[in-house]
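Novice: Mind having a look at this structure? Questions to follow.
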Amino acid sequence: TQFRFLINQLPKVEYFTTSANIPGISLGEGVLNTPLKDIPLLGDKLTYEDLTISFIVDENLENYIEMHNWLTGIGFPKDRSQFSTFRSTTSNTKVATRGVSKDIGQVKASTPEISMFSDATMTILTNKNNPVVECRFADVFPTNLTGLDYSQNTTDVDYLTATATFKYKIYEIHTL
């Protein structure tokens, strides 16, 4: 199946993405305890699995460095100024969708927050590359980036790949 994946914060990753997933979703459950048998009840809390993408790392490591900088901007391993530097200079997403809302599923108008988050879109394509479905993720942020393994033992061209894992607020699926 053909697809296109775009994270607003990572424009250099779009054309190198080799795999992505629409995460699973599960509904918690309640239990009514009785002397004879526990009876399952409808839950009221959804749990979303992680968003995971794999991408080919370009020759100059630009897309890998973008992802690495985003993670270190959030985690600021050297000093606290890394966080503010990323927010003010490195972040591509100057406006995020973290509007105030009492309903978790309601996406409000953008607020002028310099972003540590980004929105992402996975577009499912037909066999003729026409878009048919969009999966829109709100307020994505990275939680994991795999390392790069180099080897001189290969005889064929072997492209470096990396996998990134993201958390997000919610996703919605829209038919086009």
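Novice: Filter the range 137-155 down to residues that are among the polar types (S, T, N, Q) and under 13 Å from ILE53 (Cα atoms), then give me how many there are.
Specialist: 3
Novice: Something else about it: Does GLU113 qualify as being among the charged types (D, E, K, R) and modelled with pLDDT of 95 or more?
Specialist: Criteria not met by GLU113.
Novice: With the structure loaded, tell me whether THR18 is of a type outside the set (Asp, Glu), within 15 Å of the chain's Cα centre (by Cα), loosely packed, with under 15 Cβ neighbours inside 10 Å and assigned to a strand (DSSP E or B) or whether it fails that test.
Specialist: Yes, satisfied.
Novice: Does ILE39 satisfy being under 15 Å from the mean Cα position of the chain (by Cα) and either of a type in the set (A, V, I, L, M) or surrounded by 13 or more Cβ atoms within 10 Å (Cβ to Cβ) (or both)?
Specialist: Here the answer is no, as ILE39 does not meet what is asked.
Novice: Tally time: how many residues in the range 1-15 are surrounded by 11 or more Cβ atoms within 10 Å (Cβ to Cβ), outside any helix (DSSP H, G or I) and in contact with a Leu (Cβ under 9 Å, 6 or more places away or on another chain)?
Specialist: 3
Novice: Spot the failing condition for VAL132; the list is (1) touching a Phe, Trp or Tyr at 6+ places or on another chain (Cβ under 9 Å); (2) at pLDDT 65 or above; (3) more than 20 Å from TYR168 (Cβ to Cβ), and only one is missed.
Specialist: Answer for VAL132: the failing condition is (1).
Residues checked against (1) on the phi < 0 side of the Ramachandran plot; (2) at pLDDT 90 or above; (3) touching a strand residue (DSSP E or B) at 6+ places or on another chain (Cβ under 8 Å):
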| site | (1), (2), (3) |
| --- | --- |
| VAL13 | yes, no, yes |
| ASP58 | yes, yes, no |
| PHE83 | yes, no, no |
| GLY99 | yes, no, yes |
| GLY105 | yes, no, yes |
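Novice: Something else about it: Filter the range 140-159 for residues that are surrounded by 10 or more Cβ atoms within 10 Å (Cβ to Cβ) and at pLDDT 90 or above; which is farthest from LEU6 (Cα to Cα)?
Specialist: Ranking the candidates gives LEU148 first.
Novice: Another question, if that's okay. So, of the residues in the range 22-36 that are in contact (Cβ under 8 Å) with a residue 24 or more places away in the chain and surrounded by 10 or more Cβ atoms within 10 Å (Cβ to Cβ), which turns out to be farthest from the chain's Cα centre (by Cα)?
Specialist: Within the range 22-36, the match that is farthest from the chain's Cα centre (by Cα) is ILE25.
Novice: List pairs: first in the range 47-74 and more than 23 Å from TYR150 (Cα to Cα), second aliphatic (A, V, I, L, M) and not in a helix (DSSP H, G or I), Cβ under 6 Å, 6+ apart or cross-chain?
Specialist: Once the first residue is more than 23 Å from TYR150 (Cα to Cα) and sits in the range 47-74, its partners that are aliphatic (A, V, I, L, M) and not in a helix (DSSP H, G or I) give TYR48/ILE25; ILE74/MET116.
Novice: Quick check: anything in the range 149-162 in contact with a Leu (Cβ under 6 Å, 6 or more places away or on another chain) and assigned to a loop (DSSP other than H, G, I, E, B)?
Specialist: yes
Novice: With respect to LYS45, determine if the residue is of a type in the set (D, E, K, R) and surrounded by 15 or more Cβ atoms within 10 Å (Cβ to Cβ).
Specialist: Judged against the criteria, LYS45 is not a match.
The values are calculated or read from the model by the stated rules, or taken from the named source; none is laboratory data. As the structure is a prediction and not an experimental result, all values here were calculated from the model. No Cβ is skipped: glycine too gets one built from the backbone with ideal geometry, and neighbour counts run over all protein chains shown.
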